[in-house]
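Here the structure is laid out as structure tokens; the discussion comes afterwards.
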Amino acid sequence: MNPRRKSRLYLAIVVLIGVALTATLMLYALRSNIDLFYTPSEILLGKGENHEKPEVGQRLRIGGMVMPGSVKRDQKTLQVSFKVYDARGAIDVTYTGILPDLFREGQGVVAQGVLGEGNVVNAREVLAKHDEKYTPPEVADAMKENHKGPASTYAAPQNEGAKS
């Protein structure tokens, strides 16, 4: 092989390795910024055909209805805890900060945060649902499927395996 072809081959190999390394690092960085949407039942029972459950420490968004009677506010701080429910379960959410004006019991919410131990979502942002026309399609479909009755009919299966 002549020296000119040899140097071009080495240059092509170095460029390909550089492109592959750049793509790998970009995908790795983007992976940590993805927040997947879950309903309470998907957190408890798993999502999709494989019933994949989110891991503790995973960033996620949870959407559902605020369970009536579940909102508890700390009088000394801005910490609020409440339950988000759907047809097959309820998940505890904790949030420190000022809640949106439209937040109330029986209202649809989306909380974005990190899943903690015991299926508790530590939210860093809470969004209150105010109008159907602004709801993303996957959220609207999940809400239609999962919210067909009053909150009192929904059980909270997360307590079955919880430690007392």
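The values are calculated or read from the model by the stated rules, or taken from the named source; none is laboratory data. Just so you know, these numbers come straight off a predicted model, no measurement behind them. So basically every Cβ, Gly included, is an ideal-geometry build from the backbone, and we count neighbours across all protein chains shown. SASA here: full protein model, heavy atoms, side chains in, ligands and nucleic acids out. Shrake-Rupley method; radii C 1.70, N 1.55, O 1.52, S 1.80 Å.
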Residues satisfying the stated conditions in region 62-115, i.e. assigned to a strand (DSSP E or B), aliphatic (A, V, I, L, M) and closer than 20 Å to ILE43 by Cα: ILE62, MET65, VAL66, VAL84, ALA90, ILE91, VAL93, VAL109, VAL110, ALA111, VAL114, LEU115
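Hey, can you tell me all the residues within region 1-58 that are of a type in the set (A, V, I, L, M) and within 30 Å of GLY113 (Cβ to Cβ)?
Taking region 1-58 and keeping what is of a type in the set (A, V, I, L, M), we get 1, 9, 11-17, 19-21, 23, 25-27, 29-30, 34, 36, 43-45, 56.
ALA23, LEU25, MET26, LEU27, ALA29, LEU30, ILE34, LEU36, ILE43, LEU44, LEU45, VAL56 - these are the residues of region 1-58 that are of a type in the set (A, V, I, L, M) and within 30 Å of GLY113 (Cβ to Cβ).
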Subset of region 4-52 [assigned to a helix (DSSP H, G or I), in contact with a strand residue (DSSP E or B) (Cβ under 8 Å, 6 or more places away or on another chain) and either modelled with pLDDT under 85 or open to solvent by 50 Å² or more (accessible area, probe 1.4 Å) (or both)]: LEU45
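Take region 70-92 and flag every residue that is among the aliphatic types (A, V, I, L, M) and surrounded by 15 or more Cβ atoms within 10 Å (Cβ to Cβ). Walk me through how you get there before you give the answer.
Within region 70-92, the first condition is being among the aliphatic types (A, V, I, L, M), and the residues that meet it are 71, 78, 80, 84, 87, 90-91.
Scanning region 70-92 gives VAL71, VAL80, VAL84, ALA87, ALA90, ILE91.
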